[in-house]
Amino acid sequence: MGSFSIVMLVMVALVVFTVFKGVRIVPQGYKWIVQRLGKYHQTLEPGLNLIIPYVDDVAYKLTTKDIVLDIPSQEVITRDNVVIIANAVAYISIVQPEKAVYGIEDYEHGIRNLVQTSLRSIIGEMDLDSALSSRDHIKALLKQAISEDIADWGITLKTVEIQDINPSDTMQTAMEEQAAAERQRRATVTRADGQKQAAILEADGRLEASRRDAEAQVVLAKGSEESIRLITQAMGEEEMPVVYLLGEQYIKAMQELAESDNAKTVVLPADILGTVKGLMGSKLKP
């Protein structure tokens, strides 16, 4: 009786274990791959599923939620032979789990390599300035390049984003030096333009002053001519008008000399008219 009870307990435990092996509850957001005798048999959907114990086996458990893949940084050479550092992040979703596990050994590793290769190819056809300012364009080309390839693995590419795309340290140093040289050049040009404008304004000022001096000389000459004419009319033929004018200038010069700081004593000749006539070397009547 004791042996029979033990056998019955073993049989019950075996049945319970067998039933347990045949019942599979798949959580939401996952799909399980079932192999029967080592060969793909079916994909279990979320919820309660039944399989044949000891014959069927759950070989893979894959998530159907979006997966974020970081693409490592890499050096990329642009069309104008500039080295830049670029990395990205890809958002993927597994829509056919059986293709993801049987179509490629490691789909994450494959997608990373595919994105890196495509990124090098796309940026390699761009100049530095275009690569640094065309992230959206690079993103569109990158998505187009890899979407069809990973579709064969049962995976959909939701989007791919360019995280960083920067010149290498050496290139950044060169760009900073170039920018500093450009600023220095602009400062030099601005300073030269300022000096040029100042010189032009100064020359214009001198030209205007000379023109004004010339006009003043003309006005003075016309004034002297008019004075001579008036003096001639007033004095008639008695004296030369020029003698009168020279006498006036002579007296003015003596007055300025007397007011000078260096002058101590000024002696005027008694016969100023005779003195002026003597300066002219003329023999005029007294």
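The values are calculated or read from the model by the stated rules, or taken from the named source; none is laboratory data. Treat the numbers as computed from the prediction; the structure is a model and nothing was measured. We place every Cβ from the backbone using ideal geometry, glycine too, and count neighbours over all the protein chains shown. Heads up: the accessible areas ignore ligands, DNA and RNA and are worked out on the full protein's heavy atoms, side chains in. Shrake-Rupley method; radii C 1.70, N 1.55, O 1.52, S 1.80 Å.
Heavy atoms only, 1.4 Å probe, whole protein assembly: order T63, T188 by accessible area, highest first.
My answer, sorted largest first, is T188, T63.
Under the 0.36 nm per residue contour assumption, what length would be gained going from the current alpha-carbon distance of Q197 and T159 to full extension?
7.9 nm
Label-point separation (nm) for R36 and D70, each offset 7 Å from Cα along Cα-to-Cβ?
Here the answer is 4.3 nm between the modelled labels.
On full extension of the chain, what length is gained from M11 through R120, given 0.36 nm per residue of separation minus the C-alpha to C-alpha distance?
Extra length available between M11 and R120 comes to 32.9 nm.
Which entries in K39/K143; K61/K139; K99/K158; K31/K139 show an alpha-carbon gap greater than 26 Å?
Violating the 26 Å limit, Cα to Cα: K39/K143; K61/K139; K31/K139.
Share of the stretch 98-204's accessible area from carbon and sulfur, percent, 1.4 Å?
Reported share for carbon and sulfur atoms: 48 percent.
Determine, from the Cβ-Cβ distance of A151 and A187 and an R0 of 51 Å, the FRET efficiency 1/(1 + (r/R0)^6), rounded to the nearest 0.05.
Efficiency computed from Cβ-Cβ geometry: 0.35.
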